[in-house]
Amino acid sequence: MKNLIIDQGNSSSKVSLYENDVLAFTERYETLDVELLRRIKRETGWEQSILSSVVGSEETLLRWLEDHSDRFVLLDENTPLPIGNLYKTPRTLGKDRIAVCVGANHLCPNRNLLVIDAGTAITYDIVNSENNYVGGNISLGLDMRFRSLNTFTRKLPLVTVEEQCPLTGSDTREAILSGVVNGLTYEIEGFIDSFRAIYPKLLVFLTGGNAKYFEKRIKYCNFVVPNLLSLGLNRILMFR
């Protein structure tokens with residue numbers, strides 16, 4: 001079965017094709033419209049589709065997907081999931097958060113899991129060994145921290161992430177770089193340590209745009225899975 005996976009974000013959309021559980025391709029597009037989907041349909045012959053959107057999609061797009069899919073899923077709080085959801089307010093739960101947890105649980109079922117999605121924001125989410133999503137935390141990602149220091153102060157410059165980061169800054173730029181990068185690293189490790197004390201044999205997944213950057217900076221990380229979100233969406237689509 002060929003599955004079209006669409007993750008529609010604020011500024012771009014990531015479109016992936018899975019053949020059952022195997023990722024065939026993934027591309028990012030600035031504009032998501034019917035013409036693009038029609039071309040992908042013609043080139044790949046996808047059969048099922050799922051759309052996860054943080055911005056809301058046009059009715060024309062939704063109708064086209066529904067009309068041209070053997071099965072179409074618009075991910076929302078009522079969509080059946082392969083894991084339980086113990087979140088008190090499912091309607092407000094980010095679709096990306098539940099999807100990465102479904103992906104991690106598919107890879108390691110019946111285990112305590114911490115999924116860290118290091119993107120624009122950084123999220124920490126727990127799936128327990130009974131295959132239930134428990135909840136998690138949301139914090140500022142790297143870029144948001146750098147931009148906040150620049151935006152909400154009068155003199156601090158806008159700094160961008162660098163591969164090398166000193167422990168002690170010898171000038172203002174280095175001081176910001178060290179404070180942001182090391183501060184977030186300590187935050188991640190602190191959450192991991194706290195969750196490990198509660199959930200035995202906890203496995204840690206790292207995903208998101210800054211996953212590779214933090215992979216070599218944190219002490220405990222079992223898996224780095226860049227496509228964890230699309231994998232989770234694919235599993236939701238295949239779940240009956």
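Data overview
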| read-out | value |
| --- | --- |
| DSSP beta bridge pairing in the chain, given as percent antiparallel to the nearest 5 | 60 |
| Rel. contact order, % - alpha carbon contacts under 8 angstrom, at least six apart, the stretch 1-74 | 33 |
| Counting all C-alpha pairs of the stretch 76-120, share separated by more than 16 Å (%) | 36 |
| Computed [θ] at 222 nm, helices only, for the chain once each DSSP H run of length n ≥ 4 contributes -39500 (n - 2.57) | -11000 deg cm²/dmol |
| Neighbour-count ranking [beta-carbon atoms within 10 angstrom, fewest first] of Arg147, Arg42, Arg97, Arg63 | Arg42, Arg63, Arg147, Arg97 |
| Per-residue Cβ neighbour rank within 10 angstrom, fewest leading, Val54, Val225, Val127, Val180 | Val54, Val225, Val180, Val127 |
| Linear extension gain, Thr172 paired with Lys155, 0.36 nm per residue minus alpha-carbon span | 5.1 nm |
| Net lengthening on full extension, Glu27/Glu43 (0.36 nm per residue, minus Cα-Cα) | 4.4 nm |
| Lysine-lysine proximity count for the stretch 76-240, Cα under 24 Å, sequence distance 8 or more or distinct chains | 4 |
| Order of Ser129, Ser16 - criterion: other Cβ atoms within 10 Å of each residue's Cβ, fewest first | Ser129, Ser16 |
| Separation between Cα centres of the stretch 107-146 and the stretch 205-234, rounded to whole Å | 10 |
| Stretchable slack from Glu59 to Ser129, in nm (0.36 nm times residue separation minus alpha-carbon distance) | 21.3 nm |
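Bear in mind these aren't lab numbers, they're just calculated from the coordinates by the rules spelled out. In this text, all values refer to a predicted model and were calculated from it rather than measured experimentally. So basically every Cβ, Gly included, is an ideal-geometry build from the backbone, and we count neighbours across all protein chains shown.
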